[in-house]
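Novice: I have a structure I would like to understand better, so I am pasting it below and will then ask my questions one at a time.
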Ligand code: PMP
């Protein structure tokens, strides 16, 4: 993407060059099946375990609680089916789910005919703790399915308060931490109600197609895929060694970054957001009052249609998103802003800008005037267009 300003890093991040370099020999001279015998296979197994402990450090867990799999989508599905197997058969209680979950949670609950009910989030996208307490008091639920940080708004849930409530009512929690891992410091075992969590490497400059499922020590677990018994019988199939090694290396880099530079992405995001609020009339930040990931800015520019504005910004070589990349092709507003109480039109106006540790001050300085220019241009075209209602070019991505 030379000359492009990428501001869509919540969708995916480029592989860290250092991780790529470490991965390369595992495609060639170290391309040995870890389940085979001999000295090199033992070395590959040791390298896999090293990657597992690098990832474990990123989320604060013991490495034997992590199972590598193809990504957070598979980890979410595996957790859903495992919990359904152990937590629901006798009680048939529904799953308590947030209405802002990623489609890999909601669609899999629907597809696998899991009864579920939504909890309430407020207009910032934060779980309503009073509603949660009331629901827990009914004793009607099997477990909670709630992400830690939202991919669209960047909102981070009040993990301490939720954990205390769940412990009070003894309800387990599956937590999708894909967007949080690598962006904020995590210590999952500290939150004792979290029994499982999903992680994705390509959200923190690791390779795509690799992730992991955390299962709390001592919790029952039913694999999704059976076969040769790899990953300690928890996920069969020959391990994707280069990607596992790359995920470990990327986790180590992300950890080093979190230890040393946590402020820099947030400073750039704040500068981007504040300058646009000053320079563009009728612009608002979604979930501005909530605790958010340091890299995410979800904006509404009144009288602009998000998809059209995104295309115009693409023309200026700025890459951003109208919502979850996983909603690509869907001709409707994202369920996330709708759950916050925004109208269908406002929800379709929202544009997400997400930075990474690779984002430079120069890129942000270049992007700001281009966004200002695009909004002005879009609004002037809108005002000259005969009133046919908002322009709608629904090709969500
Ligand atoms: N959960 C969340 C919150 C995500 O943002 C994503 C990726 N968009 C996923 C799950 C799916 O991750 P993967 O691409 O690794 O399957």
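All of the numbers you see were taken from the coordinates with simple rules; none came from a lab. Note that the structure is predicted; figures quoted are calculated from it, not measured. Heads up, the Cβs are rebuilt from the backbone with ideal geometry, glycines too, and the neighbour counts pull from every protein chain shown.
Novice: What is the ratio of the Cα radius of gyration of segment 150-272 to 2.2 N^0.38 Å, with N the residue count, to two decimals?
Specialist: Ratio of Cα Rg to 2.2 N^0.38 Å: 1.20.
Novice: Between residue 262 and residue 278, 0.36 nm times their residue separation minus their Cα-Cα distance comes to what?
Specialist: Here the answer is 3.2 nm.
Novice: Could you work out how far helix 241-260 tilts from the main Cα principal axis of the chain, as a 0 to 90 degree angle to the nearest 10?
Specialist: Helix 241-260 sits at roughly 60 degrees to that axis.
Novice: For 272, 204, which order do you get if you count the other beta carbons within 10 Å of each Cβ and list the fewest first?
Specialist: So the residues, fewest neighbours to most, are 272, 204.
Novice: OK, next. Which three lengths, in whole Å and largest first, does the chain cover when its Cα atoms are put on their principal axes?
Specialist: Taking the Cα atoms of the chain, the three principal extents are 71, 56, 35 Å.
Novice: Continuing with the same structure: Can you grab the distance from the C-alpha centre of segment 25-60 to the C-alpha centre of segment 230-308, Å, no decimals?
Specialist: Taking the Cα centre of each part, segment 25-60 and segment 230-308 sit 28 Å apart.
Novice: Relative contact order for the chain using alpha-carbon pairs under 8 Å, separation at least 6, rounded to a whole percent?
Specialist: Computed value for the chain: 22 percent relative contact order.
Novice: In deg cm²/dmol and to the nearest 500, what is the mean residue ellipticity at 222 nm of the chain if only DSSP H runs of at least 4 residues count, each as -39500 (n - 2.57), divided by the residue total?
Specialist: -12500 deg cm²/dmol
Novice: What FRET efficiency would be calculated for the residue pair residue 118, residue 233, taking the C-beta separation as r and a Förster radius of 41 Å, to the nearest 0.05?
Specialist: 0.75
Novice: If one takes the longest principal axis of the Cα atoms in the chain, at what angle in degrees, from 0 to 90 and to the nearest 10, does the Cα axis of helix 262-279 lie?
Specialist: 20
Novice: Arrange the following residues from fewest to most other Cβ atoms within 10 Å of their Cβ: 215, 130.
Specialist: Taking fewest neighbouring Cβ atoms as first place, the list is 130, 215.
Novice: Now for a different question. Given the Cα-Cα distance of residue 29 and residue 57 and 0.36 nm per residue of separation, how much length would full extension add, in nm?
Specialist: Going from the current span to full extension adds 7.2 nm.
Novice: Also: Over the Cα atoms of segment 82-174, what is the Rg over Rh ratio if Rh follows Kirkwood?
Specialist: Looking at segment 82-174, the ratio lands at 0.94.
Novice: Sort 338, 148, 119, 55 by Cβ crowding within 10 Å, fewest neighbours at the top.
Specialist: Ordered by Cβ neighbours within 10 Å, fewest first: 338, 119, 148, 55.
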